[in-house]
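**Q** Structure incoming, see below.
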Amino acid sequence: MPFNRISVALGLAAPVLQATLATVMVHLRLNRQVPAFFLYTCFSLLASLVQTILLFSGDNNTFFNLVWAMEAIYACIGLLAMYESFRKVLRVYYFSKAWFFLAPLATILAILSVSTWALHQHTPIQTTPIGKFYLFFYLSADYMRAGFFGLFVVLVFLWQAPWQRYTFGIMKGFGLFSIVGMLADLLRSEFGTKWDFFFSYAPSVAYILGCLIWLGAFLATDERTRPAGPVSVVDLDEILELLSKLTKAIK
């Protein structure tokens, strides 16, 4: 069947790109600059391999139980990776306002509340408790990432933050596949089976495109030619330390 061939192709493409991404990061020492994103990449690769093995093993119960558990971990690590880039880009504007970095948490909690309410209102009665957990983490993860990305875009636009290829590339990749996943869910919920094809394959295609965005950002020549190590991070830390001292002196 063509659909099965598409599923196999997408299923193989994702771990290949993830392995390539992890290799590039280690080679360029980017795993030290964005460790949370490196952890996310490694976990994504591991999760893809485990799910593929279980899928072909035919053990549906183990596959389903493990998938929803891994989805919860996957969502948490993804948000942590996004928060890492969020801080690197915007902390210079809010170095003396610790409350600012609670904004992402507030956004995530608000989306979680809405997702919990929607799940309670629209989950089929015959769904098992494990099935409810799976639906919750699968659907709310895209909403949380998309909301986090929206907050990031608004703040960058307001403050005209300077371009940082690595961190902006990471956020762009997350934003792309999260928004597409959210759109697929909304279309499926609104129009039913008419959008089954889009619902089934668009998120996977978007994730592959997200991996390509990450690879493009990390392989760009303008940052590869810089000295090895987190040079830009060190410079920014020095600026923040100086500003902090000046603030204390004024107070």
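The values are calculated or read from the model by the stated rules, or taken from the named source; none is laboratory data. Bear in mind the structure is a predicted one, so any value in this text is a computation, not a measurement. Every residue, glycine as well, gets a Cβ built from its backbone with ideal geometry; the counts of neighbours run over all protein chains shown.
**Q** LYS172 fails exactly one of the following numbered conditions: (1) modelled with pLDDT under 65; (2) in contact with a helix residue (DSSP H, G or I) (Cβ under 7 Å, 6 or more places away or on another chain). What is the number of that condition?
**A** Every listed condition holds for LYS172 apart from (1).
**Q** From TYR74, TYR134, which residue is at pLDDT below 80, in contact with a helix residue (DSSP H, G or I) (Cβ under 7 Å, 6 or more places away or on another chain) and assigned to a helix (DSSP H, G or I)?
**A** Criteria check complete, one pass: TYR134.
**Q** So, one more: Could you tell me which of the residues SER200, SER178 is modelled with pLDDT of 90 or more, farther than 18 Å from GLN164 by Cα and not charged (D, E, K, R)?
**A** Step by step, each of SER200, SER178 is checked, and only SER178 is modelled with pLDDT of 90 or more, farther than 18 Å from GLN164 by Cα and not charged (D, E, K, R).
**Q** Now, a different point. Return the residues of the range 31-50 that are small (Gly, Ala, Ser), touching a Ser or Thr at 6+ places or on another chain (Cβ under 9 Å) and closer than 18 Å to PRO15 by Cα; say none if nothing qualifies.
**A** Residues satisfying the conditions do not exist here.
**Q** Here are ARG29, ARG5: which of them is of a type outside the set (A, V, I, L, M) and either modelled with pLDDT of 80 or more or touching a His at 6+ places or on another chain (Cβ under 9 Å) (or both)?
**A** Of the residues listed, the single one that is of a type outside the set (A, V, I, L, M) and either modelled with pLDDT of 80 or more or touching a His at 6+ places or on another chain (Cβ under 9 Å) (or both) is ARG29.
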